[in-house]
Amino acid sequence: MKDVMKHSVHFSYLIALLAIATLSGCSGGGDSTTSSTPSSAPSAATPFTLALIGDSPYGASPTDTAEFLKYPSYVAAINSDKDVSMVLHTGDLHSGKQYCTQDFNQSVFNMFAAFTTPFIYTIGDNEWIDCQKAKEGGGTTNSYQLGDPYANLDIVRSLYFSQPGKTLGKAPMTVHTQATEYDTKYPTDKAFVENIWFEKSNVMIATINMPGGSNNGASYLSTGVSGLSALSITDQIRQQEIDNRTGASFRWLDTIFAKAKANGDSAILIMVQGDIWDLDSNTMSAKTLTEWKQYIDKLAVLTKDFGKPVLWTNNDSHFYRSDNPLVLGADCKIEVPSTPIGKFSTATESCLASVTAGALKPIIPDGATYADAYRIVQDKTNPNYIPSYNVPNFHRLVGHGNATPAGTDMEYIKLTIDPSKTSTTATEKDGVGSFGPFSWTRVQPKL
């Protein structure tokens, strides 16, 4: 109980949000729509273009500032693309080898503020959960509050989401947020200010806090796990945070799909940080992905019921990838690593060819020679589990990220959404692809 009381202070931001809702006269489950909010009714179905980015600015060590120093030029390059009407960042403001500090968060926030369009950010694991790890300064004064994940989550929320329901950027946009639109039976959901949705041109666009690391299941609990700092956070506290976040995410998924169906949206775009099909150099027998199965199961059911195109985008695994992990044997394309910096290559190859070449090996199970993410879903109780999903109206885009430390060029995915296009047949060749109303191109600006 002392541990619970000790760490309850780190949920002060949750209490602040409740105070905001009370003072503004909003009830927990109310709709905060105003005239400046993207309409709850579908808007005119005109094409528009987004820039998808994430896992940036990254460094290979606490002292590696090469990408950080180039970032203003990167922002300027995206701003100069006049087709782009908003920017989406999938999270991870720094790498897992850099410290978690207030100064760094503020510096990146200041760079994000230079985007001339609405800027939408979801939270990654490196800026809070992984702050407790030794490589990020956990247990030392190098990281804020010795790397306490909840303290670091608080400062990220208080900085990047200081105005619940407002995006960042020079042209902020009003959006729906779980901080004010939550089921009052689950009051802890109001903490998730980062979970948002809005509609544009009859397309639902949403974010969910799903950080990398297997929903922070076994790898996040302290018992028997190496690499975590000596923070006095009990597994009871950690498990409660996992349960709260998972419950909020599931209810937000329900909200996203229900609103899209009720409003007659033609497609859905969902952005998260974690790659829920990435073994991250672990083997299948290590069972590091079991906590993601519940998400994948739910996503498959909701997407199939929706019946229209659903595009899922994340970073986290650092290889551009286009695939459908909800259909066995679906076409899968992945980037051909482009080194050295300055090559500006957007070449892709089949995921199986990448495995053969050794590039995709770290996320392929137990030395197997297949590359189908469909088979990577893990069940806690059944080591021989094989999924039965068959959801052809789903597709996934994984962003490149982690560019400069990996010796590759920084890039963004230029994603155009044309609601008049409805085919769910996916295509991809050398960084140019399409699926339903979504078409995209990998762009590597010369900085």
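The values are calculated or read from the model by the stated rules, or taken from the named source; none is laboratory data. Since the structure is predicted, the reported quantities are computational estimates derived from the model, not experimental observations. Quick reminder, even Gly has a Cβ in these numbers, built from the backbone with ideal geometry, and neighbours come from all protein chains shown.
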Query - Tally of residues being within 22 Å of Val310 (Cβ to Cβ), in a helix (DSSP H, G or I) and either β-branched (Val, Ile, Thr) or modelled with pLDDT under 90 (or both) across segment 374-406 - result: 2
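For (1) modelled with pLDDT under 95; (2) outside any loop (DSSP other than H, G, I, E, B); (3) surrounded by fewer than 22 Cβ atoms within 10 Å (Cβ to Cβ); (4) among the aliphatic types (A, V, I, L, M), each residue gets a yes or a no:
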site: Asn152; (1), (2), (3), (4): no, yes, no, no
site: Ser162; (1), (2), (3), (4): no, no, yes, no
site: Glu181; (1), (2), (3), (4): no, no, no, no
site: Lys190; (1), (2), (3), (4): no, yes, no, no
site: Glu194; (1), (2), (3), (4): no, no, no, no
**Report entry** Pair list, Cβ under 9 Å, 6 or more apart: segment 48-67 residue under 23 Å from Gly274 (Cβ atoms) and outside any loop (DSSP other than H, G, I, E, B), other residue β-branched (Val, Ile, Thr) and at pLDDT below 95
**Finding:** Glu67/Thr404
Query - Which listed residue, of Gly212, Gly264, Gly247, is modelled with pLDDT of 95 or more, assigned to a loop (DSSP other than H, G, I, E, B) and of a type outside the set (Ser, Thr, Tyr) - result: Gly264
Query raised in the report: Within segment 166-179, can you find the residues that are assigned to a loop (DSSP other than H, G, I, E, B), of a type outside the set (A, V, I, L, M) and surrounded by 22 or more Cβ atoms within 10 Å (Cβ to Cβ)?
Result: Thr167, Gln178
Requested in this report: May I ask you to list the residues in segment 267-285 that are crowded, with 16+ Cβ neighbours inside 10 Å, small (Gly, Ala, Ser) and in a helix (DSSP H, G or I)?
Outcome: none
Report summary line: Of the conditions (1) modelled with pLDDT of 90 or more; (2) part of a loop (DSSP other than H, G, I, E, B), the single one that Trp440 does not satisfy is (2)
Query raised in the report: Hey, Lys446 hits all of (1) assigned to a strand (DSSP E or B); (2) more than 15 Å from Ile334 (Cα to Cα); (3) not acidic (Asp, Glu) but one; which does it fall short on?
Result: (1)
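With respect to Asp275, is the statement that it is in contact (Cβ under 8 Å) with a residue 24 or more places away in the chain, of a type in the set (D, E, K, R) and touching a strand residue (DSSP E or B) at 6+ places or on another chain (Cβ under 7 Å) true?
Numbers: in contact (Cβ under 8 Å) with a residue 24 or more places away in the chain: yes; of a type in the set (D, E, K, R): yes; touching a strand residue (DSSP E or B) at 6+ places or on another chain (Cβ under 7 Å): yes.
For Asp275, the condition - in contact (Cβ under 8 Å) with a residue 24 or more places away in the chain, of a type in the set (D, E, K, R) and touching a strand residue (DSSP E or B) at 6+ places or on another chain (Cβ under 7 Å) - is met.
Can you find a residue that is crowded, with 16+ Cβ neighbours inside 10 Å, modelled with pLDDT of 90 or more and over 25 Å from Ala267 (Cα atoms) anywhere in segment 361-369?
First pass over segment 361-369, keeping only residues crowded, with 16+ Cβ neighbours inside 10 Å: 363-365.
Okay, now just the ones that are also modelled with pLDDT of 90 or more, so none.
No - not one qualifying residue is present in segment 361-369.
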Requested in this report: Say whether the condition of being of a type in the set (Gly, Ala, Ser), surrounded by fewer than 24 Cβ atoms within 10 Å (Cβ to Cβ) and part of a loop (DSSP other than H, G, I, E, B) is met by at least one residue in segment 115-136.
Outcome: no
Requested in this report: Please enumerate the residues belonging to segment 86-111 that are surrounded by 18 or more Cβ atoms within 10 Å (Cβ to Cβ) and outside any loop (DSSP other than H, G, I, E, B).
Outcome: Met86, Val87, Leu88, His89, Phe104, Asn105, Val108
Report summary line: Of the residues in segment 420-430, those that are surrounded by fewer than 23 Cβ atoms within 10 Å (Cβ to Cβ) and part of a loop (DSSP other than H, G, I, E, B) number 7
